[in-house]
1. What are the pairs, 6+ residues apart or on separate chains, where a residue within the range 34-47 that is farther than 19 Å from T8 by Cβ has its Cβ under 6 Å from a residue that is assigned to a loop (DSSP other than H, G, I, E, B) and modelled with pLDDT of 95 or more?
2. Do you know which residues across the range 111-154 are over 22 Å from S96 (Cβ atoms) and of a type in the set (D, E)?
3. Checking T185 against (1) surrounded by 14 or more Cβ atoms within 10 Å (Cβ to Cβ); (2) out of contact with any Leu (no Cβ under 9 Å at 6 or more places or on another chain); (3) among the hydroxyl-bearing types (S, T, Y): exactly one of these is not met. Which one?
4. Kindly provide the set of residues from the range 147-166 that are in a loop (DSSP other than H, G, I, E, B) and surrounded by 17 or more Cβ atoms within 10 Å (Cβ to Cβ), ordered by number.
5. Identify all residues within the range 75-94 that are of a type in the set (A, V, I, L, M), buried (at least 22 other Cβ atoms within 10 Å of the Cβ) and either modelled with pLDDT under 95 or farther than 15 Å from S114 by Cα (or both); write none if there are none.
6. Count, please, the residues in the range 191-213 that happen to be under 15 Å from G156 (Cα atoms) and surrounded by 16 or more Cβ atoms within 10 Å (Cβ to Cβ).
7. So which residues in the range 191-226 are of a type in the set (K, R) and in a loop (DSSP other than H, G, I, E, B)?
Amino acid sequence: MTYNSTGTLTISADSTLTLFREPTVNAAVENAGTIVAKGAPSITGAFTSDASSMIQVLGNFWTLSSTLRLTGDVTNHGLIQLTSIDAAYNSALVVSGGTLTNGTDGPIEALAGSGGSRSSTGNIINQGTVSLHTNSLGLSGDFTQTADGTLSLEIGSASSFGQLSVGGSATLDGTLSVALINGYTPPSQTSFKVLTFSPGSLTGTFATLDDGGVFMASYHNADLTLVAN
C-alpha cells in the first residue's frame, strides 16, 4: 500500500496509526499520537514527533522482525520504543540520509520484549535519554551525547547488562546512569563493557557517572568498561 499526499498527515494525540507489513507513506507526517510499526513500513516525507507522542517498532508473529524507515533529519520529542511480542523477533529503526536528534524531552528505549535484537541505522544525537535497561542496542552510525543527554542502563548480573554498540564514532558528554537490579552486587573488579565504538574515534567522556559510587569508568581505544570498586 502507498499513501501519497503533498500535505501533512497528522496523527492526533488520541489516535493510533498502525503501519502493517510494507506500506509507504509519501507525505510529511506529524505524530502527536501513537505510531505502531509492524513489518517494514517507510515514511519518506518530513517527520515530526511531538511531545507525549509514541513510536513503537514491534517485532511480532505476523511480520516477524519489524523495521521502521524514516528519511532525512528527524527530531524526536516523544517516546521511541524498540520491542517485540510473541517470540524473539528483531526491532529496528532506520533513518536514511539524515540524523536522528533525540530532544531533551525525547526518551528512546530498547526493551527486551519477547527477545530479538534492537538496532538503529544512522547517526544519533542524544539530548534526552537513551534507555537500554539490560539490553544491547546496535547503532550503525555515529553517537553524540550532549551535556543535557543521559545514557541509562541496568546491570542484573555479570552477563545481563545494557550495552550500546556504536559502529561509528562516539562523542560523549552528559550523564551515564547505571542501576543495579534484582539484588545484584558485583564483586570487586568485575568488569562490564557497556559501550563500544570504532577504534580511535572517541571524543570526550561522560561528565557524570550516576552509579552510587559502585564503578570506575575505564575508557579504552574502542570501548568504555565499568569496573566494580
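1. If the second residue must be assigned to a loop (DSSP other than H, G, I, E, B) and modelled with pLDDT of 95 or more, the pairs left are K38/T63; G39/E22; G39/T63; A40/E22.
2. D148, E154
3. Exception for T185: condition (1).
4. Correct list: G149, G162.
5. Selection gives I80, L93.
6. Residues in the range 191-213 being under 15 Å from G156 (Cα atoms) and surrounded by 16 or more Cβ atoms within 10 Å (Cβ to Cβ): 3 in total.
7. none
The values are calculated or read from the model by the stated rules, or taken from the named source; none is laboratory data. Because the structure is predicted, anything quoted here is derived from the model rather than measured. Neighbour counts are summed over all protein chains in view; Cβ atoms, including those assigned to glycine, are modelled from backbone coordinates with ideal geometry.
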